[in-house]
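The values are calculated or read from the model by the stated rules, or taken from the named source; none is laboratory data. Note that this is a predicted model, so its numbers are computed, not measured. Here the Cβ positions follow ideal geometry from the backbone for every residue, glycine too, while neighbour counts run over all protein chains shown. Ligands, DNA and RNA are excluded from the accessible area calculation, which covers all protein heavy atoms including side chains. Shrake-Rupley method; radii C 1.70, N 1.55, O 1.52, S 1.80 Å.
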Amino acid sequence: MKNISRQIVLVLSLSAVLGLSACATQEPPQPVALEDTSVSGLTIIYGTEPLARSVGFLGGKVYQDGSLKRMSGSIKNLTQATFPVEYQVTWHDVNGAPLPNASSWTRVTLNPRAQKPISSFAKGTEGQSAVLTFKVPADVEIFIPEPDPVEVMRYQQEQAARNAAQ
């Protein structure tokens, strides 16, 4: 009788431990891509994971404008908070080597769910592709809130439509 009681207690204990461990395991959040190469001739780099979740780049394209290449698009705030972002455009030659005349960092303040246009010309005819890098300014301590799910869905739909059109 004692053996049966011990076995029952052991089975119940194991069941409780397994049940608690199953409750404790949650699926980890999906990592956010810090680099986007979906636009031909353009690489978009987000400096941090919170920034990559909170902003998006819409309508990005690199095209010939006269004798020079041009990059254009808009940065979009996917949150309901205002915060500053800095960006820099670096042009590369046909072999992928960076050209020496990189632009300086430009600061923009993004209002909730707002878009800001970004444009850059290659500094010479050898410029073929662009790298657009975003970062949170070093002199600003901010908390970047979680993005608004509705804005994220709209952004993803715009991205999907753009990818379907290519």
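Sort through Ser104, Ser129 and tell me the only one that's out of contact with any Gly (no Cβ under 9 Å at 6 or more places or on another chain) and more than 16 Å from Gln159 (Cβ to Cβ). Outline the logic, then answer.
Values: Ser129 fails: out of contact with any Gly (no Cβ under 9 Å at 6 or more places or on another chain).
Checking each option against the conditions leaves just Ser104.
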Among (1) out of contact with any helix residue (DSSP H, G or I) (no Cβ under 9 Å at 6 or more places or on another chain); (2) under 14 Å from Val39 (Cβ atoms); (3) open to solvent by 30 Å² or more (accessible area, probe 1.4 Å), which single condition is Gly59 missing?
(1)
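Pick from the range 59-105 the residues that are outside any loop (DSSP other than H, G, I, E, B) and among the hydrophobic types (A, V, I, L, M, F, W, C): which of them is farthest from Leu42 (Cα to Cα)? Write out each step before concluding.
Here is the first cut: in the range 59-105, the residues outside any loop (DSSP other than H, G, I, E, B) are 59-65, 68-77, 83-92, 98.
Now narrow it down to the ones that are among the hydrophobic types (A, V, I, L, M, F, W, C): 62, 68, 71, 75, 83, 85, 89, 91.
On the way: Val62: 7, Leu68: 15, Met71: 8, Ile75: 14, Phe83: 25, Val85: 19, Val89: 10, Trp91: 9 Å.
Checked the range 59-105; the qualifying residue farthest from Leu42 (Cα to Cα) is Phe83.
Which one of Ser104, Ser67, Ser120, Ser40 is open to solvent by 30 Å² or more (accessible area, probe 1.4 Å), at pLDDT 90 or above and closer than 30 Å to Glu151 by Cα?
None of the other options fit; the residue is Ser40.
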